[in-house]
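Visitor: Attaching a single structure in structure tokens format; questions to follow.
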């Protein structure tokens, strides 16, 4: 299929921010009243697990947070499509099926975005083979919040109607699924969107599987769309982990149902796979049931990179569990180094620079409509104050006098200050210090604005001898405010993000989406045998960026440099016997 080669999403484009915000609001307000999961369940009464248990061994892949910029999305899709890859001296076969673990497209789930950012790259990387003897692996997907912004409309069209994604074929009929694997293993993939809610038909679907298909020796690989254990470590008020734990305890273990619980008391949930945070991080958990559980975030399918230096080495015991951080990608040193790119925020976000400049210019214009008691405008009065130190009090008084009769300017000042303070991330990091940092951040923008107003008044009116209403002065002043004012405010914004992510350990999404780093991507290749489950974390420090796309009929042909990847850490072996 033909598609448009897309760059990484610019999350600081005001138009994009507004559009995504509206989508988020609509999905939050109306999504709970029109839950398409319940509709799918009503139309699909005979849903059954998918069965691969007749194999002696099986390979399968897990990838999450994909469908963003073409370079990383295609680089990983091309690697997934190879019949086998060699890494660390080992040959790893392509998965018999591929699991996509959430957020299959960015920024919002319009079909044009799915086509350009997911379907197009994946079909070009692994073209459909219609020959009778072709081996076509399956693909399954659970939605993330970005797939939910339209109530799952386009996600369900793409993944639940037995369509093709290149040479991968879809099989699921709902937004969640269960896969029976060899050696009494099960892959359970849940859809916990809409505020981490698990709908009743979904509960019934998985309860039926746990009650009637699990044995006392069942091992479970659980896939979910967010690392709730990490979010709980960021914010103790987070309820996502409580609902996630409810699913494990009540649905999989059967707690509270005596016969059900007795039968399932020996099953193990030994591996949990997720995305949502766009990095690789592995925690090892010791549970109260005596299990050693791998908690793996592998959200490196194509979206911007999240930092890893903000992760806690130990997640303190909560409801009977504690987890130790065992591996991360990117390495923490690289995560810190890349976070410093926020100091170049004006370069990465010219749109925000322009927005700040326009706000400053418009506020200046409103201030100029009011004359002071002396008969001068604020700009004329400020131009007569040559010394910053000696004239600060006079300047401050003139500004206050002007504002006292100008509610429009006050409104814009409060809008700028309030918007910046509301932007503050107060759910993670250092609590009350986050509020203080947000308030200082907002005040710095106002100080820059009034400082520049004073500076440009002196330069334009006093030193250059221009008249305040002279067209050339007005044009020069507007240019100064937009370019210099916008740049300084953007620099302050970038400095705030840098301080937040490095010192306060918050704003992890805002401080990484700003520079849209294409590198440090990952996916998991898993191998299940009668002895153990082996997880190979595949990392891409850099992705290929010189892809050239051409067309041959309806088929896209892509060429570029060789792809380089390596093991993030040594393969993780999860042995079948229960660890006590």
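Visitor: Surrounded by fewer than 18 Cβ atoms within 10 Å (Cβ to Cβ), within 23 Å of residue 152 (Cα to Cα) and at pLDDT 65 or above: which single residue out of 46, 57 fits that description?
Guide: 46
Visitor: Another one. Being exposed (fewer than 15 other Cβ atoms within 10 Å of the Cβ) and not in a helix (DSSP H, G or I), is that true of even one residue in region 396-412?
Guide: Within region 396-412, one or more residues are exposed (fewer than 15 other Cβ atoms within 10 Å of the Cβ) and not in a helix (DSSP H, G or I).
Visitor: Considering each of 449, 456, 477 in turn, give the residue that is at pLDDT 90 or above and assigned by TED's automatic domain parsing to the domain that holds residue 400.
Guide: Of the residues listed, the single one that is at pLDDT 90 or above and assigned by TED's automatic domain parsing to the domain that holds residue 400 is 449.
Visitor: From 143, 132, 137, grab the single residue that is modelled with pLDDT of 90 or more, assigned by TED's automatic domain parsing to the domain that holds residue 570 and farther than 24 Å from residue 4 by Cβ.
Guide: 137
Visitor: Scan region 254-268 for residues that are free of Cβ contacts under 8 Å to residues at least 60 places away in the same chain and surrounded by fewer than 20 Cβ atoms within 10 Å (Cβ to Cβ) and report the count.
Guide: 10
Visitor: Which of the residues belonging to region 379-395 are in a helix (DSSP H, G or I) and either surrounded by 12 or more Cβ atoms within 10 Å (Cβ to Cβ) or not assigned by TED's automatic domain parsing to the domain that holds residue 357 (or both)?
Guide: Selection gives 379, 380, 381, 382, 383, 388, 391, 392, 394, 395.
Visitor: Next question. Among (1) under 25 Å from residue 400 (Cβ atoms); (2) surrounded by fewer than 18 Cβ atoms within 10 Å (Cβ to Cβ), which single condition is residue 479 missing?
Guide: Going through (1) under 25 Å from residue 400 (Cβ atoms); (2) surrounded by fewer than 18 Cβ atoms within 10 Å (Cβ to Cβ) one by one, residue 479 breaks only (1).
Visitor: Let me ask something else. Could you list, in sequence order, all residues of region 248-282 that are in a strand (DSSP E or B) and out of contact with any helix residue (DSSP H, G or I) (no Cβ under 7 Å at 6 or more places or on another chain)?
Guide: Selection gives 268, 270, 271, 272, 273, 274, 280, 281, 282.
Visitor: Filter region 457-471 down to the residues that are assigned to a helix (DSSP H, G or I) and touching a residue at least 60 places away in the same chain (Cβ under 8 Å) and list them by number.
Guide: Within region 457-471, 457, 458, 460, 461, 462 qualify.
Visitor: Please pick out the residue among 134, 141 that is on the phi < 0 side of the Ramachandran plot and crowded, with 16+ Cβ neighbours inside 10 Å.
Guide: Just one listed residue meets the conditions, 141.
Visitor: Would a scan of region 149-158 turn up a residue that is assigned to a strand (DSSP E or B), surrounded by 22 or more Cβ atoms within 10 Å (Cβ to Cβ) and in contact (Cβ under 8 Å) with a residue 24 or more places away in the chain?
Guide: no
Visitor: Would you mind listing the strands (runs of 3 or more DSSP E) fully within region 77-121 where at least 2 residues are within 24 Å of the chain's Cα centre (by Cα) and either crowded, with 21+ Cβ neighbours inside 10 Å or in the same structural domain as residue 18 (by TED's automatic domain parsing) (or both)?
Guide: 97-100
Visitor: From 205, 140, which residue is under 30 Å from residue 241 (Cα atoms) and either touching a helix residue (DSSP H, G or I) at 6+ places or on another chain (Cβ under 7 Å) or in a helix (DSSP H, G or I) (or both)?
Guide: 205
Visitor: Could you list all residues from region 561-580 that are over 27 Å from the mean Cα position of the chain (by Cα), surrounded by fewer than 17 Cβ atoms within 10 Å (Cβ to Cβ), outside any strand (DSSP E or B) and in contact (Cβ under 8 Å) with a residue 40 or more places away in the chain?
Guide: 578, 579, 580
Visitor: Find the residue count for region 510-560, including only residues that are touching a residue at least 40 places away in the same chain (Cβ under 8 Å), more than 13 Å from residue 78 (Cβ to Cβ) and in a strand (DSSP E or B).
Guide: Summing the residues that are touching a residue at least 40 places away in the same chain (Cβ under 8 Å), more than 13 Å from residue 78 (Cβ to Cβ) and in a strand (DSSP E or B) in region 510-560 gives 15.
Visitor: Any chance region 217-225 includes a residue that's at pLDDT below 85, within 25 Å of residue 66 (Cβ to Cβ) and surrounded by 15 or more Cβ atoms within 10 Å (Cβ to Cβ)?
Guide: Looking through region 217-225, none of the residues is at pLDDT below 85, within 25 Å of residue 66 (Cβ to Cβ) and surrounded by 15 or more Cβ atoms within 10 Å (Cβ to Cβ).
The values are calculated or read from the model by the stated rules, or taken from the named source; none is laboratory data. None of the values given here were measured: they were computed from a predicted structure. Here the Cβ is made from the backbone with ideal geometry for all residues, glycine too, and neighbour counts use every protein chain on show.
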